[in-house]
Structure formats: C-alpha cells, structure tokens
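Working notes, structure below.
What follows draws every value from the coordinates through simple rules; no lab data is involved. The shown structure was predicted, so the numbers you read here are calculated from the model rather than taken from an experiment. Please note: Cβ atoms are built from the backbone with ideal geometry, for glycine as well, and neighbour counts cover all protein chains shown.
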Amino acid sequence: MNTSSMDAADRISQLPDHIKHRIFSFLSTPEVVRLSVLSKPWHQVFTSFPVSEFSCPSFFTKKSDRSYEFCNFVYKSLLRQCRLYRSIPRFQLSVSTRDLCRPFPYCKFINRCIELSTQKGVKELSIDFWMPLYHRLPEAMLSVKELVVCKLAGCLLKGNVNWPSLRVLSLKKVEICDQSIIDNLIFTCPFIEKLALIECNGLSYLHLSGLRKLKKVKVKGQISTPLEKIEIDVVSLQTFSYSACYKEKTDIDLTSCKNLEVFKYKHGMITEDLIQGLNGNFPALKVLVLHGYRHHIQRIAISIPLLEKLNLSLPDLPAEEAIINAPRLRSFKCYMENIPPLFSLNQTSLQEVALKLSLDLIYFQQRESFREDFMEIIRNFNQIKLVTLRFTYYSSSVINKLVSKVSNPVLLDIRHLKLKTYIDGTEKVNVALVDDLFCICRPESLLLVSGCGGNDAFMKILCKKLVRRVKHKNYSAAAHVKCWQRDLKGVKIEHFGRNGYKKVVTCHAFLDSFQTLEPKQKIRFVFEW
C-alpha cells in the first residue's frame, strides 16, 4: 500500500463516531461486520452501532449449518443495544429454512430476540419467516405501545393485539383465524393509514370500518381460502388495490369510499356491475387499472370525469363496443386480443398511449370491416406525445395486410415512439414490420430496449436499411425504396448506458458494435424528416 492510500485510510479512521455511524447506515449487516475487523478503532465503533437488520441469506456465505452462529449474533447484538440505548427504533429479521438447516430448535431463541426489541420500545418491526409451518409470535409482541410500522410474513396472528400507535401494517402469508382478528386490529389500532393483506390464509370475508385515518389498502388473494367479499366503509380511503386468485370472482363493496382516487383490480373476473359501480360511485377517481377476465360482459363503457390514467387488459374480451369517456385522461394503456368494431376514446388531453396488439389473422380475414375499424382506432392516437406499441407475430401480419391494401396510409402524428416486439419470425417478417411501422407514422424518436423479445432483430434490420441509404446517393430514388426512406433527411443513434451515461453513434458504428450490445440497454433513434 502506498503512502497516499495509508493517509486516506487514516483520515477515515479519524472521523468522529457519529459520521462513521452514518457510513454504517448505508451498508448491509454483513458489510458492517466485515468493516469492523479492519482495525480496533473500527471495531470500537461497531460495538456502539445499533445493528437493526438481520437476514439469514445475507449473513451466510457458505453452504453450512451456521444456525447457532446467526442466532447468537442477533441475540448478542440486541443485548449490546439494550445496554447502550434507551430504545431500539428499528428491528428487521428474516429467517428461512433454506438457511437455517434445523430451524425449530432456534424458534424460541429467535422469539427471545423479538421480545428484547419490543421491551426497548421498537417503532419499526419487520419479521419474515419462511418455514413449513406458521411461526407463532411471542406474547410480548402483541402489545407494543410505541410500534408505528409492523410488517409480518409467515407468522401466526392469534390473540388480542394492542398497537395503539400503529400507522402501517403489512401481513404476508399470515395465518388469520377469522374476521375477529381484523376486528380486534381495527379496535386497538384506530390510526392505521396503510394496510396490506397479501396471501393471508383463513380469511374469506374482509370488512373494514371505523378507521378514520385509513388511506391505502392492498389485498392479494390466497388460493386455499379465496376471498368471497371485500367490504370497506371508510370515507378517507384514497387507494385500493386487489389481486385476485386466477379467475376468481369477488364481490367488492366500496360505495362509502367517496374520496377514492386509485382503484386497481387484477387477475379476477370483471363484470358489468363492477364497471358501472366505478362510473357512478367514485367522483374523485384518477387512476383505474383493470386486468382480468370478462364475466358475462359484452360492452365496455367507462365514463369517469376526473380520470387521468387508465390501464385496461382484457385478453379474452369478445366485446362489440368499447366507449371511454374521460376528458382529463393523460395516460392510456390497453391490451386486447381483438379490437371491438366500435371503439370510441375521448382523448382531449391524452399524452401517453401504450397499445399491445395480439391480433388474430383469421379474425381479421373474417371481419370485412376490420380495416376501417382499425384505422378509426389509430386516428384516436393522433397528436400523442409518447406511444408504446407491442407487436406479436400475428399482429404484425395483420398490420402488413392493412398497410398493403391502402395506397395512402393514415399518418399518426406521434412525437416519441417506444417499441416492444415479440416476434420470432423470419427476416422477411421483420423487414415488413420496419417498413409498415414507418408507413403509418414519422416519429421524432424511436426507443427500444435491447434483449427484449424481437427488439434486437428489429434494430439490426433498421440499421442495415439506414446504412444502405447513406452509402448509395441515388438509393432514395430507387423504385423499391419505401416512401418513408425518401422522406428521411437524417438520423442519429443515442446509446444509454448505466448511471445515465449516453453516447451518440452513427448507424454504421452501431451496426459494427451490435454483437457486443448488452441486454436491457436503451437505444434511441432520433430522426429528422
């Protein structure tokens, strides 16, 4: 080690303890432990630093049974903190059977560690247990007056809970015996603001009321005990998110939540009653996400005056009509396998569109009016700032059929285009997609992510066309050249790397370095028309 390096190390060692504690706070527990063995001064700082995060996966570096060492480390760390500090503000513990080869002998030992944190008035508590059976928490944890944030996973919640200061509660894969456990939580934790119930077992009916501070609720169903009904009677609720089990039909009653701004519903059955209830009961709704499967529904009619973001995914919808009336809509994301014959979208303030096409070529050929219907839909996306298109093999074939039958295709007025292709076809199919895309729009920029589906093949073909255009002066005058190549005046490629790094390259240089392109790199083509 040279003198300058030693001087730098000495300067760091001479920092005040509170600054070293600040450095420790940005590191994981194993990194803090490794740092403490560098020197005696660092070890002294470590002994006074309140370690609050204990995780089996990050603690073990070798495939060996170090269960006792882990538990002993946690216990001694907490004992040291109990001697040095009046309180332990935060305690996080993650235990998995993959790491503890014999977990059951140490359950009582771990519970003792939890009790130590609760005795010192812990405010943020996070306990993750991933074991064959639910872990029963110690009685001392059921009554912690100072607890503000509580996150439990893989535990058995039984008994009377008393957390009067609780603001955030997250229960994941927790055994909940019945609704009385939830009722007790509501009664003894009246100031809850955020509640998450993720894959909790034993709960078939959820009823929430009386929580005047509640703003956000997130629920994810459990296969063994699917939720039949969710009823929330809380005026202050602003965000509701529900992920059902596969094609599960759940009755949701939020009619009292007049201040609801965000509604997300995924993977369940979507009914006409659900959509009608959204239209009439939530005047403040701004964000709507519907990802699911249709249930006796032939018509989509969404009319929400203040709606700003709409994410709609109904892959098996045979609807004949889709009408969206949302004058303040700014972002619209849609996925349908087949486009309804009547599609109306009020897009006065629309700025961003994401359209996933998975069109059936047979469906296209059987419906005579499909070309006119499709053209009418894409006219809705004129003058949009950012459009994201996702193409599959069949949808690209449909678009090729559409473009080839129209002498003057409709030009979309799109400033920025983002493309995602999922095409594993021949080079001929990809060449056609490049030409067809630029025949219907002249974007200022085109953004793609490398390694995503068929994006690499699309970029390579596009670059080859652009390189040939530059090499041959009379290339644009050739009869086989598409109209978009004649209209193009210039192009540059922006390659975005990690940490915001960006470099501008020519098409020829980009094509030469294409084989070394790493996955998930953002590539933007900037066009001059």
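Filter LYS220/LYS286; LYS418/LYS465; LYS220/LYS385; LYS266/LYS385; LYS173/LYS258 down to the pairs with a C-alpha to C-alpha distance above 24 Å, please.
LYS220/LYS385; LYS266/LYS385; LYS173/LYS258
Average the reciprocal distances over every distinct pair of alpha-carbons in the stretch 150-242, invert the result, and give the Kirkwood radius in Å.
13.1 Å
Arrange CYS200, CYS452, CYS155 by Cβ neighbour counts within 10 Å, fewest through most, would you? Mind dumping the intermediate values first?
Working: CYS200 24, CYS452 15, CYS155 20.
The most exposed by this proxy come first: CYS452, CYS155, CYS200.
What ranking do MET459, MET269, MET141 get, fewest neighbouring Cβ atoms within 10 angstrom at the top?
Going from least to most buried by this count: MET269, MET141, MET459.
Alpha carbon centre of the stretch 119-188 versus the stretch 232-308: separation in Å?
Their Cα centres are 29 Å away from one another.
In which sequence would ILE323, ILE192 go, from the one with the fewest C-beta neighbours within 10 Å to the one with the most?
Neighbour counts put them in this order, fewest first: ILE323, ILE192.
To the nearest Å, what is the center-to-center distance of the stretch 421-461 and the stretch 483-529, using C-alpha atoms only?
Each part's Cα centre sits 13 Å from the other's.
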